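The values are calculated or read from the model by the stated rules, or taken from the named source; none is laboratory data. Just so it is clear, the model here is predicted, and its values are computed rather than measured. All Cβ positions, glycine included, derive from the backbone under ideal geometry; neighbour counts span all protein chains shown.
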Amino acid sequence: MCYNICMDDLKQTIASNLVAYRKQANLTQQQLAQKINYSDKAISKWERGEGVPDVLVLKSLADLYGITVNDFLASRATKPKKIRLKDFWAKRWLITLLSAGLVFLVATVVTVVWWMIVPEDGRMVAKFSYLTAIPVALIVTLVFSCIWGKLWMRCVVVTALIWTLCLLLHLAIKIVQDSYAWMIYLIGAVLQVLVILWYILAFFIRRGKANK
């Protein structure tokens, strides 16, 4: 009996905090549902205290609001932390851009040093160092998008990564064998189709979970 009462109280506490943090972030239930790839019906159910999101969903919501999972368990008497969702996401994007920028910094240092030591090969090294920096920077961006970003963001980054790698390999193969260098793009096309199919499958899997 006591256990059931405690569980009901906990559900209501979580429900109240879910509502409070969503409103502080200036999000509607539908907007929030889109951000975490769940249905607005599921959001409404949680906020009415008729159900509790699992730990993974609570973690996603906590990351979105810039809080911890424990903040959802805090008593109603505890005033929810003030959050600014735009600033929180801006910081994440800045961290991602700075990390990717460091890759280009390394490429620039390599180019400048090589140009100073071997000037006649400077242009070739510059071209390939910067072209190589692009997929490396995209890999860094992909890591952060897997941690913070949405599913469609990962799809876009993977797509850009595929075609920049194809371009880099095309230029490298062209030096040795010019006739068949273009065929590397056939591999890229197949990979692109697989990425699209993966995105569709992942989307429907998440949608199925949301409707349970």
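Residue pairs whose Cβ atoms lie under 8 Å apart, sitting 6 or more positions apart in sequence or on different chains, and linking a residue in segment 83-97 that is over 16 Å from Lys35 (Cα atoms) to a partner that is hydrophobic (A, V, I, L, M, F, W, C) and at pLDDT 70 or above, are Ile83/Ala25; Ile83/Ile67; Ile95/Phe144; Thr96/Val140; Thr96/Phe144; Thr96/Trp148. Scanning segment 164-187 for residues that are surrounded by fewer than 18 Cβ atoms within 10 Å (Cβ to Cβ) and either at pLDDT 90 or above or not in a helix (DSSP H, G or I) (or both) yields Gln177, Asp178, Ser179, Tyr180, Tyr185, Leu186, Ile187.
Exactly one residue out of Leu138, Leu98 is surrounded by fewer than 14 Cβ atoms within 10 Å (Cβ to Cβ), in a helix (DSSP H, G or I), among the hydrophobic types (A, V, I, L, M, F, W, C) and modelled with pLDDT of 85 or more, and it is Leu98.
Among the candidates Ser16, Ser39, the residue that is within 18 Å of Phe203 (Cβ to Cβ) and surrounded by 14 or more Cβ atoms within 10 Å (Cβ to Cβ) is uniquely Ser39.
Could we say that Val190 is surrounded by 12 or more Cβ atoms within 10 Å (Cβ to Cβ), β-branched (Val, Ile, Thr) and at pLDDT 90 or above here?
Numbers: surrounded by 12 or more Cβ atoms within 10 Å (Cβ to Cβ): no; β-branched (Val, Ile, Thr): yes; at pLDDT 90 or above: yes.
Spelling it out, it is not the case that Val190 is surrounded by 12 or more Cβ atoms within 10 Å (Cβ to Cβ), β-branched (Val, Ile, Thr) and at pLDDT 90 or above.
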